[in-house]
Amino acid sequence: MMANRRDFIKVSALGLGGLAMSASAINLLKAAVPQDLINKDSDPQKGLRRFPTYCEVCFWKCAGWTYTDEDGKIMKIIGHEDDPHCNGRLCPRGTGGVGMYYDKDRLTTPLIREGKPGSQTFRPASWDEALGLVAKNMKEIADKYGPEAMALFNHGSSGHYIGHLLKAYGSTNIVAPSYAQCRGPREVGFTATFGSGVGSPEPTDIRDTNCLVLIGSHIGENMHNGQVQEMSDAIDKGATIITVDPRFSTAASKSKYWLPIKPATDLALLLAWIHVLIYEDIYDKDYVERYAFGLDQLKKHVKNMTPEWAYGITTIKPDVIRKTAREMANASPAAIIHPGRHVTWYGDDTQRARAVAILNALLGSWGRRGGFYFKEGMKLPHYPHPEYPKPKWSWKETMNGKYPLAGLAVSNTLIEASIPSEENKHQIHGWLVSGTNLPLTMPDKPTLAKAMQSLDFLAVVDTMPMEITGWADVILPECTYLERYDDIRTSPHREPYLAL
């Protein structure tokens, strides 16, 4: 049975309570930030001072200002006016960072499980005891099975530091579940088409587009801040919005065309659009002739994939398919078929992403104004460290021939590798989990539970009690982004930006 967050809060009350570190955390922040950044534009009439930060409630990492009173209490967080990720405005999650910081359920002390494995009984412990227990178990696993038998499941900036720890320990079995579930198929599909992935945030020039196609992308509900603002501006300028979604979403309500497609048939619609562009001769010929190869093979492939063919699969009428394809062509090259996020749906996800990429290529939007811009980035020096030890095996050996195009570790293969079996030649025996709640993240919960029950050791690092912490042998409370020193945020954008 999966533990839930509410149950864990009840049984671990010893480790919960008021946030005692607030004043000391702000004092550390004051010591680390140049005074001219702190004092500029502070509000002396209200007795408030401001400090630069960037939000970590989601991956967008909007830069902002944290305002504190004379006692060091955080009063508000606002967006940074110079940051192109947010243009001075934060979404409700960003401004809600104050609530996360002061949440009464915050984990405030290390906790160690008492009793048999799986029992949700924890006692508070000192940092020395908790870290010592983690080190002891990691050493025992390395001595018995090799350091490769430890894996890290992580998400967010803090996972980078724990990843450094695991590499220094001798393991590269590091995975973010978001890769397989969010970006992985998309990156493989676009790389196969353009030789480059989309990256994050997506370099979509929504601000200057004339036609935006959203296929399973919920801009306006998922609050990817900069894109929401740019979509609003594009609508005000008269851009055509085409939304493909079985549900009448917020984006659909703002669209010229809403296509209520039958679920799991997106690929058929994309192929029919490609057919219309090619066979009506309305694709960007100059662009394709200059930059692409394989058009003849593509034309042959989609010959029979007509709007009438797609109608029987998608329930979208042929005239609507043709009309929307012509809208895209008329807007070309300032047209975007949005690559989306959270794009692992039906099992055809990589091929669907390829179709999205090919459609953008036919419209000539890759590297064009109003389409996809080429991001400008910057490089900062890495902190020097000794060379990592070379592991004897890595996550690639846990794939067993599956996902040959994956560029990063896939979470479910490391989970499966944690279950003992005769076929499992590369077994994982211990997990570190940082910033990801696996019982809610992973879809195959019985396999996940079996894997966790098979582990020799599980340590969790997080700010809040949740389902995964109920399975831990040791729980280490994490700082929020408002309390810790993260790397400088370097963000490729139309122009490169960095944030503290």
| query | Which value in nm describes the separation of the simple spin-label points at TYR388 and LEU295, placed 7 Å from the Cα toward the beta carbon? | reply | 4.4 nm
| query | Which FRET efficiency value, to the nearest 0.05, do you get for SER253 and ASN400 by plugging their Cβ-Cβ distance into 1/(1 + (r/R0)^6) with R0 = 41 Å? | reply | 0.35
| said: P(r) for segment 204-362, please, calculated from all Cα pair distances in 5 Å bins and given in %. | reply: 2, 9, 19, 23, 22, 15, 8, 2, 0
| task | Quick one: order LYS104, LYS61 by neighbouring beta-carbon count within 10 Å, fewest to most. | result | LYS104, LYS61
| remark: In vacuo Debye sum over C-alpha of segment 434-500, base-10 log of normalised intensity I(q)/I(0) at q = 0.27 Å⁻¹, listed in q order, is -1.17
| remark: Taking Cα atoms, the helix 445-454 axis meets the longest principal axis of the chain at an angle in degrees (rounded to 10) of 30 degrees
| task | Kindly rank 64-73, 327-336 from highest to lowest mean number of other beta carbons found within 10 Å of each residue. | result | 327-336, 64-73
| Long-range amide H contacts for HIS493: which residues qualify at under 5 Å (H placed 1.01 Å from N, peptide plane, sequence gap of 5 or more or a different chain)? | GLU376
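Using a 10 Å cut-off on Cβ atoms, rank the peptides 373-385, 256-268, 121-133, 208-220 from the highest mean neighbour count down.
Result, highest mean Cβ count within 10 Å first: 208-220, 256-268, 121-133, 373-385.
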| task | Of all alpha-carbon pairs in segment 364-500, indicate the percentage at a distance above 20 angstrom. | result | 65 percent
| For MET75, which sequence-distant residues (separation of 5 or more, or a different chain) have an amide H within less than 5 Å of its own amide H, given hydrogens modelled in the peptide plane? | TYR67, THR68, ASP69
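Order of MET464, MET305 from fewest to most other C-beta atoms within 10 Å?
Lowest count first: MET464, MET305.
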| Relative contact order (%) - criterion: Cα under 8 Å, at least six apart; region: segment 204-362 | 30 percent
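Figure the gain on full extension for LEU440 and GLU280 (residue separation times 0.36 nm, minus the Cα-Cα span) and round it to one decimal in nm.
53.0 nm
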| said: Quick check on packing: order 86-93, 354-361 by the mean number of other C-beta atoms within 10 Å, highest mean leading. | reply: 354-361, 86-93
| query | Cα gyration tensor of the chain, axes a ≥ b ≥ c as square roots of the eigenvalues: rounded (a/c below 1.5), prolate (a/b > b/c) or oblate? | reply | oblate
| Helix 22-32 axis, angle to the chain major axis (alpha carbon atoms, nearest 10°) | 70 degrees
| Across LYS144/LYS396; LYS299/LYS323; LYS317/LYS375, pairs whose alpha-carbon gap is larger than 28 Å | LYS317/LYS375
| field | Rg ratio (alpha-carbon, reference 2.2 N^0.38 Å) - segment 327-440 | value | 1.53
| task | Evaluate the charge dipole of the chain about its Cα centre and quote only its size in Debye, nearest 20, assuming +1 on the Cβ of each Lys and Arg and -1 on the Cβ of each Asp and Glu. | result | 580 debye
| field | segment 138-194-segment 218-254 distance, computed between alpha-carbon centres (Å) | value | 34 Å
| query | Which far-off residues, 5 or more places away or on another chain, put their amide H under 5 Å from the one on ASP462, with H placed in the peptide plane? | reply | LEU476, GLU478
| request: Positive end of the charge dipole of the chain (Lys, Arg +1 and Asp, Glu -1 on Cβ, about the Cα centre): tell me which of ILE475, ALA168, ILE336 has its Cα farthest that way. | output: ILE336
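Computed from the coordinates by the stated procedures, all read-outs in this text should not be read as laboratory data. This structure is a prediction, so every number in the text was calculated from the model and none was measured. We place every Cβ from the backbone using ideal geometry, glycine too, and count neighbours over all the protein chains shown.
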